[in-house]
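Quick one: the structure is below, questions incoming.
The values are calculated or read from the model by the stated rules, or taken from the named source; none is laboratory data. Fair warning: this is a prediction, and the values are worked out from it, not measured in the lab. Here the Cβ positions follow ideal geometry from the backbone for every residue, glycine too, while neighbour counts run over all protein chains shown. SASA here: full protein model, heavy atoms, side chains in, ligands and nucleic acids out. Shrake-Rupley method; radii C 1.70, N 1.55, O 1.52, S 1.80 Å.
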Amino acid sequence: MPLVLVGGGVAVAVLHKAYDIDWPLQALANHNEHMNHALVFSGQAMMGALKSDANLWTWALHDLGQAVADLATLDFLGWTAVAAAGFALVVAKRSRGG
């Protein structure tokens, strides 16, 4: 796993610096931003809810709604399709006895 991460990072850096190809770097930045919102969508809102006398269940439902709405992106749908196709290929290979 570390080899994949380092190799991917080096490949993206070379594409960006040497060839001025920016889309892999932008895709990684977008992916990083979405990962930061995976557990808690809005950290500032959570701190405000904890400091005030707000109902935490209401805040949690609102935060969950924001996170689910954030899933409706082309990136998420595209990578979901890639994962589903990969899974279908694995199932097809296993069904043939391989």
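Residue-wise test of (1) open to solvent by 100 Å² or more (accessible area, probe 1.4 Å); (2) at pLDDT 85 or above.
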{"position": "GLY9", "(1), (2)": "no, yes"}
{"position": "LYS17", "(1), (2)": "yes, yes"}
{"position": "ALA60", "(1), (2)": "no, yes"}
{"position": "VAL68", "(1), (2)": "no, no"}
{"position": "ALA83", "(1), (2)": "no, yes"}
{"position": "GLY86", "(1), (2)": "no, yes"}
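Ok, one more. Being assigned to a loop (DSSP other than H, G, I, E, B), without any contact (Cβ under 8 Å) to a residue 12 or more places away in the chain and of a type in the set (A, V, I, L, M, F, W, C) is the requirement here; does LEU77 meet it?
no
This table checks each residue for (1) in a helix (DSSP H, G or I); (2) open to solvent by 70 Å² or more (accessible area, probe 1.4 Å); (3) out of contact with any Asp or Glu (no Cβ under 8 Å at 6 or more places or on another chain).
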position: VAL12; (1), (2), (3): yes, no, yes
position: ALA27; (1), (2), (3): yes, no, no
position: GLY48; (1), (2), (3): yes, no, yes
position: ASP53; (1), (2), (3): no, yes, yes
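When you check MET35 against the structure, is it without any contact (Cβ under 8 Å) to a residue 24 or more places away in the chain, aliphatic (A, V, I, L, M) and within 19 Å of LEU5 (Cβ to Cβ), yes or no?
yes
I would also like to ask the following. Quick one: in region 29-39, which of the residues that are at pLDDT below 80 and open to solvent by less than 70 Å² (accessible area, probe 1.4 Å) is nearest to THR73 (Cα to Cα)?
Of everything passing the filter in region 29-39, HIS34 is nearest to THR73 (Cα to Cα).
Suppose we keep only residues that are part of a helix (DSSP H, G or I) and small (Gly, Ala, Ser) within region 88-98. Which one would you say is most open to solvent (accessible area, probe 1.4 Å)?
Looking at the filtered set, the residue picked out is SER95.
Pick from GLN44, GLN66, GLN26: which is in contact with a Ser or Thr (Cβ under 8 Å, 6 or more places away or on another chain) and not charged (D, E, K, R)?
From the options GLN44, GLN66, GLN26, the qualifying one is GLN66.
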